[in-house]
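Chemist: Have a look at this one.
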2 protein chains.
Amino acid sequence: MPGPETAAAPEQVAELERLVAERRFDQIHQRLGQFGPPDMADVLEALPNEAEAVVFRLLGRERALDTFEYLTLASQERLIKALGDREVAGILNEMSADDRTALLEELPGEVTRRLMNLLTPAERDVATRLLNYPEESIGRLMTPDYVAVKRQWTAGQALDHVRVYGRDSETLNVVYVTGPGGVLIDDLRMRELLLVDPSTRIDQMIDEQFVALHASDDQEAAVAVFRKHDRSALPVVDSDGVIIGIVTVDDVLDVAEEEATEDIQMLGGVEALEEPYLSISLGRVIRKRAFWLVLLFLGQTLTATAMGFFEAEIASAVVLALFLPLIISSGGNSGSQAAALVTRAMALGEVGVRDWLHIMRRELGAGLALGGLLGLLGFLRVAIWRFAFDSYGDAWLLIAVTIAISLVGVVLWGSLTGSLLPILLKRMGADPAASSTPFVATIVDVTGIVIFFALAKLILTGTLL
Amino acid sequence: MPGPETAAAPEQVAELERLVAERRFDQIHQRLGQFGPPDMADVLEALPNEAEAVVFRLLGRERALDTFEYLTLASQERLIKALGDREVAGILNEMSADDRTALLEELPGEVTRRLMNLLTPAERDVATRLLNYPEESIGRLMTPDYVAVKRQWTAGQALDHVRVYGRDSETLNVVYVTGPGGVLIDDLRMRELLLVDPSTRIDQMIDEQFVALHASDDQEAAVAVFRKHDRSALPVVDSDGVIIGIVTVDDVLDVAEEEATEDIQMLGGVEALEEPYLSISLGRVIRKRAFWLVLLFLGQTLTATAMGFFEAEIASAVVLALFLPLIISSGGNSGSQAAALVTRAMALGEVGVRDWLHIMRRELGAGLALGGLLGLLGFLRVAIWRFAFDSYGDAWLLIAVTIAISLVGVVLWGSLTGSLLPILLKRMGADPAASSTPFVATIVDVTGIVIFFALAKLILTGTLL
């Protein structure tokens, strides 16, 4: 079928489901022809589980292999369980090593062991090696499918080598030049190989300047390196400088998007879901939210305790209670701003723990300026109501002053807490994104109550109190 | 110097700065040799502005060109202003078209026009065309540097063509097969060209199935397509299906990271900074934060108004005021969770406006379950204090019930608001990420006060009230 690939419409999925129910396999086979592997994967995932396995079997070996790598891990897991050992062996041995690692690490331990036995000895060797790297490490993203050439070869020999061994390589933009023992010496763009005289020695083409990732480094580090160097693939070396694989930027794009998703969810006060919002079960999403919600609730009960200390003040000046939510939420808002800015800057590698003093000075300035602005607005709010509606009685000026000064203090305190909490968390080895907006707000609420009432006692004793 | 590229240490930067001050140009030149272009760019950016221009001039034409593309837009702008027209012309004509577009769109209009006149007619043509696409569109990410082959050629002819015209191509993994008028017919992996017999006709190798981007589509769409199809480059077509450029995944990685940064900042209640946190001026960061902070403050003043309606109730039952922050913040927290989950799912294309009913049903379930859980904890809090500290008097049971029911209502309301607000914003053509945590909290605070005091009046009238 000519033209760009067609994305699957819901009707097409419904039609396939009907054909499966009616066992019209020839018609199904015919309809599948229109989908490229990524869209075929979407169709399979939209089907009910039994129909998914039936349609997958009808794809034919070649297309089944191509499609399998585009499926989500959950679908891959379901199919692996539904298929026979021979089919599974075929798929696993043909999968690219990085995608296979992701699948094997997702499965329960005993399933992984059973599957490892289905691999050819060579592939089992690769799989074991990759699974030995820690989760979230660059090693888990690697594929050993790259082309390496020797420094003493000519460009012509290198190109011949690419023709023979390049079939499985994940990229042909770059080949890697290695020395004795497989030590990485340089990377060489394919275009350079294509453009020089074939008798030119590789030796003469290299400058021994290259960028490499380390297998045990965190995947987040790979995102930063790829962003800085604008590459489509980077080599991975072990501690001896020996090249052991490459990482391609399409996998790094997935890592970057997943990290951002995790950070956004954590900043919103949820444990990272690790599944799409609409496909995760309601029970799981509730559990992911309950943990933080309960923890924050317990933290917030301190507000009731803190306010209990000022019960007498509230009783004699109810007006204070009226302004309390306004004041503490302003602190929470400025804290949420600061936490979002600093957490993201840390994730991008723009700031680190060592910058705490610099950040504190910035937030001191920003907090005072913004607090002053809100303090002025708070003062005006009281003054306007005083003259428009005759509210707040004779002590209105003192009330306005109390509110204005409290706002300066609470916004300043919120900005400092919001900016320094992510740094503190990082310093303690935790994820800075755990300094969620609700977490910062809870801290600032409790302290904001104390700041507000302490100031009120100081300013209003003798008049209202 | 052999081995991987060295990142710049602060001492090396300080050393360079000193050498510039002492005008020791030969020594500077010598030291620059150790840096690859991306690290050279980091060094330049760490230098004071005058030293930056001096060192850049000492790089030599070839390395200056390579380094320029790795500089941030701000540095590029500074250098363009510091350099003479001849130098600028050399740089602009050699830059890859996509990076040049980004620079030209950043500069003030009259500077852009002056620079356009420095381009060769052919490059000016390319630049004008790319600048005609809307900001944030895929057209602005394109580069016209790709290799196209004709369907009637042989594989051997195609490879010869690559050897001659492939020098400037941004990727050699894929060549594009075009028909009459430049209409894109297929994409072909370079490895297929390398592996077949050179006399094979391209015609026989293609299946006319391909994935293409549209120049006027939003850049966010490109991120989703790249993630789905795991490619390192994708062709861009105009409305007639004619190929007009390619987009490479390294640029898409930048887009993805920038979109995530914007969303995180907006969700935290800040306008998107568009500059790194540490390098943006304090004045600008304050302005970016002041807008939302003031807007939220004005919204929050409604809490004081809402509470004003219940002044009599607070005066006769101060205990209600003590629990108010706990209750409204619980609503804000559940709303913040829901907003983070739904906003991110929308950014990833997992949910759309059409899913609102599905989302509402989910949040109804989650809100009731989580609200019930917190309601139970709230009840226990009052009951435990009753028996441990003899607090809250005779009406403790009714107070506990009021708090428990309020928590169910407020958490449910928070979850619904947080999840549906991003959808509503999207429906109105605004950015869903504007439904920031503080924004949701402000809405939920005001309504939470009304829910709590209305329930209290209903339950406690005759006893406490």
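Nothing in this text is a laboratory measurement; each read-out follows from the coordinates by a stated rule. Not measured: the values here are computed from a predicted model. All Cβ positions, glycine included, derive from the backbone under ideal geometry; neighbour counts span all protein chains shown.
Chemist: What are the distances, in nm and sorted shortest first, from the label point of B:E135 to the label points of the same position in each other copy, with each label point placed 7 Å from Cα along the Cα-to-Cβ direction?
Modeler: The answer, with the shortest distance listed first, is 4.2 nm.
Chemist: Measure nothing but the geometry: give the 0 to 90° angle between the long axis through the Cα atoms of A:10-21 and the longest principal axis through the Cα atoms of chain A, rounded to 10°.
Modeler: The helix A:10-21 is inclined about 50 degrees to chain A.
Chemist: Which shape class, rounded, prolate or oblate, goes with chain A when its Cα gyration tensor gives a ≥ b ≥ c as root eigenvalues, a/c under 1.5 marks rounded, and past that a/b bigger than b/c marks prolate?
Modeler: Cα axes put chain A in the prolate bin.
Chemist: Okay, moving on. Run through all the Cα pairs of region B:148-249 and give the fraction in each 10 Å bin from 0, expressed as whole percent.
Modeler: Answer for region B:148-249: a P(r) of 15, 48, 31, 6, 0 percent.
Chemist: Region A:111-175 to region B:181-220: how many Å between their Cα centroids?
Modeler: For region A:111-175 versus region B:181-220, the Cα centre distance is 26 Å.
Chemist: Moving on to the next point. Once both labels are modelled 7 Å past Cα along the beta-carbon direction, what's the A:A315-A:V183 spacing in nm?
Modeler: For A:A315 paired with A:V183, the spin-label model returns 8.2 nm.
Chemist: Over 29 Å between Cα atoms, which of A:K288/B:K228; A:K288/B:K426; B:K288/B:K426; A:K81/B:K228; A:K228/A:K426; A:K228/B:K426 qualify? Let's see the in-between values first.
Modeler: Numbers: A:K288/B:K228 27 Å; A:K288/B:K426 26 Å; B:K288/B:K426 22 Å; A:K81/B:K228 24 Å; A:K228/A:K426 23 Å; A:K228/B:K426 33 Å.
Violating the 29 Å limit, Cα to Cα: A:K228/B:K426.
Chemist: On to the next question. Among A:L293, A:L373, A:L298, rank each residue by its count of other Cβ atoms within 10 Å, from fewest to most, as a rough exposure measure.
Modeler: Details: A:L293 25, A:L373 19, A:L298 12.
Placing the least packed residue first, the sequence is A:L298, A:L373, A:L293.
Chemist: R0 = 60 Å: FRET efficiency of B:L298 with A:F25, Cβ-based, nearest 0.05?
Modeler: Numbers: r = 65 Å, r/R0 = 1.08.
According to the calculation, E is roughly 0.40.
Chemist: When only alpha-carbon atoms count, how far does the protein assembly as shown stretch along each of its three principal axes, as whole angstroms with the largest first?
Modeler: 97, 83, 52
Chemist: Let me ask something else. With the label 7 angstrom out along Cα to Cβ, how close does A:G179 come to the same site in each of the other copies, in nm, nearest first?
Modeler: Nearest to farthest, the other copies are at 5.4 nm.
Chemist: Moving on to the next point. How far is the Cα center of region A:363-431 from the Cα center of region B:392-465, in Å?
Modeler: 24 Å
Chemist: How tilted is helix B:396-427 with respect to the longest principal axis of chain B? Cα atoms for both, answer in degrees (0 to 90, nearest 10).
Modeler: 30 degrees
Chemist: For region B:282-460, what's the relative contact order in percent, using C-alpha pairs closer than 8 Å and at least 6 residues apart?
Modeler: Details: 229 pairs, mean separation 65.4, N = 179.
This gives 37 percent for region B:282-460.
Chemist: To the nearest 10 degrees, how steep is helix B:97-106 against the longest Cα principal axis of chain B, on a 0 to 90 scale?
Modeler: Once rounded, the angle reads 50 degrees.
Chemist: Please report, in whole Å, how far the alpha carbons of region A:204-271 spread along each principal axis, starting with the longest.
Modeler: Dimensions of region A:204-271 along the principal axes of its Cα atoms: 55, 23, 15 Å.
Chemist: In addition: Rank these for me by crowding, B:D160, B:D394, going from fewest to most other beta carbons within 10 Å. Write out the running numbers ahead of the final one.
Modeler: On the way: B:D160 13, B:D394 10.
Listing B:D160, B:D394 from fewest to most nearby Cβ atoms yields B:D394, B:D160.
Chemist: Placing one identical point scatterer on every Cα of region B:10-141 and ignoring solvent, what is log10 I(q)/I(0) from the Debye formula at q = 0.09, 0.12, 0.15, 0.19 Å⁻¹?
Modeler: Relative scattering, expressed as log10 I(q)/I(0), comes to -0.28, -0.48, -0.71, -1.03.
Chemist: Give the average, rounded to an integer, of partner chain Cβ atoms located within 10 angstrom of each Cβ in A:203-210. Walk me through the numbers on the way to the answer.
Modeler: Numbers: counts 0, 0, 0, 1, 3, 5, 12, 4.
Rounded to a whole number, the mean comes out at 3.
Chemist: Find which of A:A338, B:I459, A:W292 sits farthest along the positive direction of the dipole of the protein assembly as shown, computed with +1 on the beta-carbon of Lys and Arg, -1 on that of Asp and Glu, about the Cα centre.
Modeler: It is B:I459, whose Cα lies furthest towards the positive end.
Chemist: Next question, about the same structure. Using a 7 Å offset from Cα along the direction of the beta-carbon, what are the separations from A:T112 to the same position in each other copy, nm, ascending?
Modeler: The answer, with the shortest distance listed first, is 5.2 nm.
Chemist: Search the structure for amide H atoms under 5 Å from the amide H of B:I246, placed 1.01 Å from N in the peptide plane, and list their residues when 5 or more places away or on another chain.
Modeler: B:T143, B:D145, B:V236
Chemist: Then there is this: From the backbone phi of region A:60-76, what are the Karplus-calculated ³J(HN,Hα) couplings (6.51 cos²θ - 1.76 cosθ + 1.60, θ = phi - 60°) in whole Hz, Gly and Pro given as x?
Modeler: x, 3, 4, 6, 4, 4, 4, 6, 3, 5, 8, 6, 5, 4, 5, 5, 4
Chemist: Can you give the helix-only mean residue ellipticity at 222 nm for chain B, where every DSSP H stretch with n ≥ 4 adds -39500 (n - 2.57) and the sum goes over all residues, rounded to the nearest 500 deg cm²/dmol? Each step should come with its number before you reach the end.
Modeler: Details: 21 runs with 301 residues, N = 465.
Value at 222 nm, helices only: -21000 deg cm²/dmol.
Chemist: A follow-up question, please. Which whole-number percentage describes the relative contact order of chain A, with Cα contacts under 8 Å and a sequence gap of 6 or more? The partial results should precede the final answer.
Modeler: Values: 624 pairs, mean separation 50.5, N = 465.
Once divided by the residue count of chain A, the mean separation gives 11 percent.
Chemist: Taking other Cβ within 10 Å of each residue's Cβ, how do B:S239, B:S415 sort, fewest first?
Modeler: B:S239, B:S415
Chemist: Between rounded, prolate and oblate, where does region A:280-402 land on the alpha carbon gyration tensor, with a ≥ b ≥ c its root eigenvalues, rounded for a/c under 1.5, else prolate if a/b exceeds b/c? Intermediate values should be presented prior to the final figure.
Modeler: Numbers: a/c = 2.57, a/b = 1.42, b/c = 1.81.
It is oblate, given that a/c is not under 1.5 and a/b is not larger than b/c.
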